[in-house]
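Chemist: Let me begin by handing over the structure; questions about it come next.
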């Protein structure tokens with residue numbers, strides 16, 4: 001089974017790499033772009049690694065830019081910050097906060113800001129007249145609600161501002177979206193962005209942001225260790241774009257990604273360096289050069305499952321014969337079942353505790369397997385899983401625990417008697 005999973009994971013990543021390299025980057029069309037294209041084509045550090053295909057997942061604080069319904073699929077509150085340096089000193093920064101709800105709707109706020117480098121100002125004779133800059137910002141207020149474990153809907157109210165030299169303008173629009181679970185591992189999502197605007201007038205002529213339609217899927221593979229996503233975007237002016245990508249959790253805390261964004265390959269990774277903090281990095285091969293993204297997120301409160309062993313190293317034959325594993329969980333719905341699994345280095349479950357309803361406050365483990373036989377010395381991992389009556393599953397981070405019956409090590413000095 002382990003060998004089969006490794007082969008499946010290798011095939012999945014190989015196919016994605018081939019797809020990402022199958023088509024060279026196309027040259028840019030000779031126009032100035034569509035109104036609002038900077039936000040329409042925005043990608044975060046996480047989504048860039050997936051080729052920008054995120055409409056069927058959208059399960060982080062920045063996911064509302066793809067599909068506002070994804071906010072209701074989150075479990076914990078989240079703060080997220082993103083930054084990117086583009087071309088000719090252009091920078092884009094973003095910030096998002098998400099508060100998932102249960103009986104009450106989920107709420108979110110997102111800010112994205114684009115600032116250019118210096119442009120040269122000239123007159124009709126091409127004489128230099130100094131420099132100027134261009135800046136654009138968008139503020140999104142999001143509300144989302146799960147109407148059942150299979151269906152969630154959401155909406156953004158979007159306020160945008162643009163400044164160009166001495167001119168400025170603003171407008172607003174609405175985004176709507178939905179996500180549906182077709183099976184336990186397959187979900188689909190769709191969104192329509194820029195309904196009724198924004199319309200921005202800098203001088204005399206109003207520029208309307210074209211509406212954009214998105215649709216796609218997200219398929220969990222390898223017992224949730226891998227994710228395959230695909231998305232089709234269509235908008236007036238930009239036409240139709242195909243995005244696809246995959247991610248694979250290589251080890252606990254480290255996830256690798258590769259993707260393909262219509263005309264160029266992408267890649268990236270995420271590293272969870274504590275249970276609350278994630279670092280995301282991504283790079284893309286663009287016609288104008290390589291682009292990079294960096295993102296940091298902080299998760300807290302909300303709905304969660306957690307477990308903690310004390311002591312984390314014990315000896316069934318020594319002074320600390322058992323370890324006490326504290327359990328805690330907060331679910332969106334009424335808790336249905338829970339299980340605490342202890343796994344060996346091969347990811348085989350060697351001991352399982354469980355029951356109905358809310359988890360026990362703690363369990364004690366004596367270092368034995370399911371049959372009552374003592375396990376060998378070594379490092380094991382444990383994780384708590386809690387499922388509510390609506391079928392939603394929460395899982396704690398996997399933590400290490402060690403069995404050591406060897407006793408103290410080292411040499412005892414012998415001092416000769418004169």
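Chemist: Can you pull out every residue in the stretch 166-205 that is farther than 26 Å from residue 71 by Cα and without any contact (Cβ under 8 Å) to a residue 12 or more places away in the chain?
Modeler: Residues satisfying the conditions are 166, 204, 205.
Chemist: Kindly check whether there is at least one residue in the stretch 295-314 that is part of a strand (DSSP E or B) and at positive phi.
Modeler: First pass over the stretch 295-314, keeping only residues part of a strand (DSSP E or B): 295-300, 304-310, 313-314.
From the residues that got through so far, the ones that are at positive phi too are none.
No: zero hits.
Chemist: Which residue is nearest to the chain's Cα centre (by Cα), if the candidates are limited to the stretch 280-308 and must be surrounded by fewer than 20 Cβ atoms within 10 Å (Cβ to Cβ), modelled with pLDDT under 90 and within 30 Å of residue 383 (Cα to Cα)?
Modeler: 300
Chemist: Is it the case that the stretch 328-344 has a residue that's in contact (Cβ under 8 Å) with a residue 24 or more places away in the chain, under 30 Å from residue 85 (Cα atoms) and under 21 Å from the mean Cα position of the chain (by Cα)? Step through it out loud before you land on a result.
Modeler: Taking the stretch 328-344 first, the residues in contact (Cβ under 8 Å) with a residue 24 or more places away in the chain are 328-344.
Narrowing further to those that are under 30 Å from residue 85 (Cα atoms): none.
Among the residues of the stretch 328-344, not one is in contact (Cβ under 8 Å) with a residue 24 or more places away in the chain, under 30 Å from residue 85 (Cα atoms) and under 21 Å from the mean Cα position of the chain (by Cα), which makes the answer no.
Chemist: Tell me, yes or no, whether the stretch 203-212 has at least one residue that is part of a strand (DSSP E or B) and within 23 Å of the chain's Cα centre (by Cα). Reasoning before the result, please.
Modeler: Taking the stretch 203-212 first, the residues part of a strand (DSSP E or B) are 206-208, 212.
So of that shortlist, the ones also within 23 Å of the chain's Cα centre (by Cα) come out as 212.
Yes.
Chemist: Can you go through 170, 189, 237 and tell me which one is in a strand (DSSP E or B), assigned by TED's automatic domain parsing to the domain that holds residue 106 and closer than 26 Å to residue 262 by Cα?
Modeler: Working: 170 fails: closer than 26 Å to residue 262 by Cα; 237 fails: in a strand (DSSP E or B).
Just one listed residue meets the conditions, 189.
Chemist: Scan the stretch 114-130 and give yes if some residue there is touching a helix residue (DSSP H, G or I) at 6+ places or on another chain (Cβ under 8 Å), modelled with pLDDT of 85 or more, buried (at least 24 other Cβ atoms within 10 Å of the Cβ) and not in a loop (DSSP other than H, G, I, E, B), otherwise no.
Modeler: Going through the stretch 114-130, the residues touching a helix residue (DSSP H, G or I) at 6+ places or on another chain (Cβ under 8 Å) turn out to be 114.
With modelled with pLDDT of 85 or more added as a condition, the list becomes 114.
Next, from what is left, pick out any that are buried (at least 24 other Cβ atoms within 10 Å of the Cβ): none.
No, because not a single residue in the stretch 114-130 is touching a helix residue (DSSP H, G or I) at 6+ places or on another chain (Cβ under 8 Å), modelled with pLDDT of 85 or more, buried (at least 24 other Cβ atoms within 10 Å of the Cβ) and not in a loop (DSSP other than H, G, I, E, B).
Chemist: Hey, another quick one. Using the structure shown, decide if residue 268 is outside the structural domain of residue 395 (by TED's automatic domain parsing) and buried (at least 23 other Cβ atoms within 10 Å of the Cβ). Break it down into steps so the answer makes sense when it comes.
Modeler: Details: outside the structural domain of residue 395 (by TED's automatic domain parsing): yes; buried (at least 23 other Cβ atoms within 10 Å of the Cβ): yes.
Spelling it out, residue 268 is indeed outside the structural domain of residue 395 (by TED's automatic domain parsing) and buried (at least 23 other Cβ atoms within 10 Å of the Cβ).
Chemist: Something else now. Tally up the residues in the stretch 90-104 that are out of contact with any strand residue (DSSP E or B) (no Cβ under 6 Å at 6 or more places or on another chain) and closer than 12 Å to residue 114 by Cβ, please. Steps first, please.
Modeler: To start, the set of residues in the stretch 90-104 that are out of contact with any strand residue (DSSP E or B) (no Cβ under 6 Å at 6 or more places or on another chain) comprises 90, 101-104.
From what is left, the residues that are closer than 12 Å to residue 114 by Cβ are 90.
Adding up the residues that qualify gives 1.
Chemist: Now, a different point. For the stretch 369-410, give me every one of the strands (runs of 3 or more DSSP E) that falls completely inside it and has 3 or more residues that are surrounded by 18 or more Cβ atoms within 10 Å (Cβ to Cβ) and in contact (Cβ under 8 Å) with a residue 60 or more places away in the chain. Reasoning before the result, please.
Modeler: Values: elements: 378-388, 393-395, 399-403.
In the stretch 369-410, the matching strands (runs of 3 or more DSSP E) lie at 378-388, 399-403.
Chemist: Another question, if that's okay. Run down 247, 231 and say which single residue is under 14 Å from the mean Cα position of the chain (by Cα) and in a strand (DSSP E or B). Walk me through how you get there before you give the answer.
Modeler: Details: 231 fails: under 14 Å from the mean Cα position of the chain (by Cα).
One residue alone meets the criteria, 247.
Chemist: Could you tell me how many of the residues in the stretch 250-279 are assigned to a strand (DSSP E or B) and within 13 Å of the chain's Cα centre (by Cα)? Quick ask: steps written out before the conclusion?
Modeler: Pass one, the stretch 250-279, residues assigned to a strand (DSSP E or B): 250-251, 254-261, 265-272, 277-279.
Filter once more, so that each one left must be within 13 Å of the chain's Cα centre (by Cα): 254-257, 268-272, 277-279.
Total satisfying the criteria: 12.
Chemist: Residue by residue through the stretch 250-264, note down the ones that are closer than 14 Å to residue 50 by Cβ and at pLDDT below 90. Can you show your working first?
Modeler: Here is the first cut: in the stretch 250-264, the residues closer than 14 Å to residue 50 by Cβ are 255-262, 264.
Scanning the stretch 250-264 gives 261, 262, 264.
Chemist: Okay, next question. Checking residue 23 against (1) at pLDDT 50 or above; (2) more than 23 Å from the chain's Cα centre (by Cα), which test does it fail?
Modeler: That leaves (1) as the condition not met.
Chemist: Would the stretch 214-221 turn up any residue that is in the same structural domain as residue 43 (by TED's automatic domain parsing) and modelled with pLDDT under 85? Reasoning before the result, please.
Modeler: Narrowing the stretch 214-221 to residues in the same structural domain as residue 43 (by TED's automatic domain parsing): 214-221.
Pick out the ones that are also modelled with pLDDT under 85 and you get none.
There is no residue in the stretch 214-221 that is in the same structural domain as residue 43 (by TED's automatic domain parsing) and modelled with pLDDT under 85.
Chemist: Being surrounded by fewer than 23 Cβ atoms within 10 Å (Cβ to Cβ), touching a residue at least 40 places away in the same chain (Cβ under 8 Å) and under 18 Å from residue 136 (Cα atoms) is the filter here; which residues of the stretch 70-93 pass it?
Modeler: So in the stretch 70-93, the residues surrounded by fewer than 23 Cβ atoms within 10 Å (Cβ to Cβ) come out as 75-77, 79, 81, 83-93.
Still in the running and touching a residue at least 40 places away in the same chain (Cβ under 8 Å): 75-77, 79, 81, 83-87, 92.
Selection gives 81, 83, 84, 85, 86, 87, 92.
The values are calculated or read from the model by the stated rules, or taken from the named source; none is laboratory data. Bear in mind the structure is a predicted one, so any value in this text is a computation, not a measurement. Cβ: placed from backbone, ideal geometry, glycine included. Neighbour counts: every protein chain shown.
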